[in-house]
């Protein structure tokens, strides 16, 4: 008697603004052995939701955020039109992968679903290039002039954390950075309060773990 290998099927829900569009993608995915098409409510404990949209508007962002509730859930966005800044907005809302609708063949959608289910991303090289370019411009033109980073830490906060990691106390950090001791204490308090960290040690551990220092 030959044993039949169990094939893990990814739970996939489809969200679309109209029933006909949704039915079309469901029909294309239903026969694929890699996935099991389910109701949107059935991805609550882990699964992938494919969001179909004409454009990345407020309704689409709400749909992506709604489907992303819970760390185990992933979202693939398939959009007809992607304007400047739409990729970043979609990723910030929680989309793991973004596909243009004209390129979204069943195989491409399945590949994106597989990637999303493992926490990875699937995006065409030109879309990835657009995203990186937009992120670079945002860092250069908006955040950097204000001394901010995508990490949520300012340059001076990073400098303080680096010295804390090297074992310097508040007074020594102030001397090295030409800050008053009160200023250093305020910086540390701002970091721990904003990031919900318990103390200096927790702040240093967090910064090291996240690669900020």
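Bear in mind these aren't lab numbers, they're just calculated from the coordinates by the rules spelled out. Keep in mind the model is a prediction, meaning the values are calculated, not measured. Please note: Cβ atoms are built from the backbone with ideal geometry, for glycine as well, and neighbour counts cover all protein chains shown.
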* Rg/Rh for the stretch 147-209, where both radii come from Cα atoms and Rh is the Kirkwood radius -> 0.92
* Asked: Contour minus end-to-end for residue 26 and residue 208, with contour as 0.36 nm per residue of separation and end-to-end as the Cα-Cα distance?
  -> 61.1 nm
* Calculate, in nm to one decimal, what residue 58 and residue 175 gain on full extension: separation in residues at 0.36 nm each, minus their alpha carbon distance. => 37.2 nm
* To do: With r as the distance between the Cβ atoms of residue 39 and residue 8 and R0 = 22 Å, compute the FRET efficiency 1/(1 + (r/R0)^6) and round to 0.05.
  => 0.65
* To do: Would you mind listing how long the stretch 10-137 runs along its three principal axes, going by Cα atoms, in whole Å with the largest first?
  => 41, 29, 25
* Structure fact -> For the pair residue 80 and residue 105, the simple spin-label estimate (label points 7 Å beyond Cα toward Cβ) gives in nm 2.3 nm
* Asked: Highest mean first, what order results for 118-131, 154-167 on Cβ atoms within 10 Å?
  -> 154-167, 118-131
* Asked: Given the Cα-Cα distance of residue 124 and residue 165 and 0.36 nm per residue of separation, how much length would full extension add, in nm?
  -> 10.8 nm
